[in-house]
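Worksheet: one structure, shown below.
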Amino acid sequence: MLQLMQSLSVLAFGKVRPTARRVARSLIGAVVAGLFGLTAYIALLIALGIFLSREFGPLAAALIVAAATAFVAIMVVVVVGAFNRRSERRILARQRAARARLPDPVTLQILAGLPTMMRGKSLLATAAIAAVVFVLAKSQGSGSARDDDD
């Protein structure tokens, strides 16, 4: 029995360790790539500042680089905010659609009583549950002519 449990655990959880290692490697790689990307970004800003300081002077160059960076940061915040609002609207629409598919309160009360009926395990309880399921299916439109049209 112990051998079977060990075999089942290897089958069920065998990929946990390799997956954790893969995630750790990916995370380390992302951090290193991020550091190199940040270094390149800083070097680009310094080079831009040096180039602009020859044309406009050091103070104007610093202000131009700061203004451009602030503008890009504001654009990123606006775009992320727009994506978040769109995602929130989708979630709310899904919630409304799910609420619209819920049965009426009386049906929900009947469904809440089903576990109590199941405890009896009698033929009468089975027939009652079958009747409830049939009525729910018919109230949701199951088995009607419109199912054949789909």
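A simple spin-label model places pseudo-atoms 7 Å from Cα toward Cβ; at ILE46 and ALA20 they are separated by 4.1 nm. Here the residues SER53, SER87, ranked from fewest to most Cβ neighbours within 10 Å of their Cβ, fall in the order SER87, SER53. Around the Cα centre of the range 17-101, unit charges on the Cβ atoms of Lys, Arg, Asp and Glu (plus for the first two, minus for the last two) sum to a dipole of about 1100 debye.
Between the listed residues ALA40, ALA97, LEU63, the Cα displaced farthest toward the positive end of the dipole of the range 17-101, a dipole computed from Cβ unit charges relative to the Cα centre, is found at ALA97.
Any read-out appearing in this document is the output of simple, stated calculations on the displayed coordinates, not a laboratory observation. None of these values were measured; they are calculated from a predicted model. Every residue, glycine as well, gets a Cβ built from its backbone with ideal geometry; the counts of neighbours run over all protein chains shown.
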